[in-house]
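See below for the structure under consideration.
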Amino acid sequence: MAALLPSWVTVTGLTAGATVAVAFLAVQADKGPHPTAAQVRPSASASAGVHPSASPAPAKTPDVPAASGTGRRVVYALGDKRVWLVDASDKATRTFTVWPGTVSPDPGTYTISKTLASTTGSDGVQIEHILYFAAKSGLSIAFSNAVDGASPPPAAGKQTSGIRMRKADGTALWTFGTEPDTKVTVVK
């Protein structure tokens with residue numbers, strides 16, 4: 001007899017049957033026993049100092065290096081691979097990590113000497129927010145960020161002097177560093 005029925009009638013019947021079966025199982029599951037969480041009391045040592053309503057303490061921002069001068073400046077710590085933007089009251093308004101090239105500036109105080117909105121880096125990467133402040137080994141040393149936000153490692157055997165950062169950090173440094181006579185203090 002099913003062979004005489006059109007195929008759409010058979011499919012509709014199967015769909016209706018499946019819907020009824022799912023509804024029946026859902027009602028049965030709702031009537032059945034529900035698991036409950038066991039009440040476990042933590043030991044005194046397990047809960048010492050833990051407060052469920054307290055949020056975790058944020059990571060402490062590294063302090064501006066003590067020997068980095070005073071006043072408004074960019075501070076670049078070679079060993080930490082970190083930059084601080086310091087306002088006139090000696091307060092860091094932002095700090096972030098950077099990826100230096102293979103040639104680093106010597107410790108000292110510099111002034112941003114040239115700015116360039118965008119270009120191609122010596123590694124072939126499109127960069128923006130370039131702030132030149134030093135020279136060493138015949139290379140100009142500058143802060144910049146890759147336009148696409150990437151920071152590939154320097155090519156093996158090639159000298160590079162760009163100090164790269166994330167795109168948002170590059171934008172912040174550009175805004176801070178393009179003011180006239182912005183100082184850059186490089187520390188170990």
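Some points to look at:
- Near V98: Cβ cut-off under 13 Å, other residues only, Lys/Arg at +1 and Asp/Glu at -1. The net charge is +4.
- The distance separating the Cα centre of segment 116-167 from that of segment 79-98 comes to 19 Å.
- Cross-link reach list, aspartates and glutamates versus K158, counting only Cα pairs under 17 Å and skipping chain neighbours closer than eight places: D123
- Each Lys or Arg adds one and each Asp or Glu takes one away; over the other residues whose Cβ falls under 13 Å from the Cβ of G124, this sums to -1.
- Compactness check for segment 86-161: Cα Rg over 2.2 N^0.38 Å is 1.17.
- What the Cβ-Cβ distance of S137 and T178 gives, at R0 = 30 Å and to the nearest 0.05, is a FRET efficiency of 0.70.
Since every read-out is calculated from the coordinates, none of them should be taken as a lab result. Since this is a predicted model, take the numbers as computed values, not measurements. FYI the Cβ positions are ideal-geometry reconstructions off the backbone, even for glycines, and counts take in every protein chain you see.
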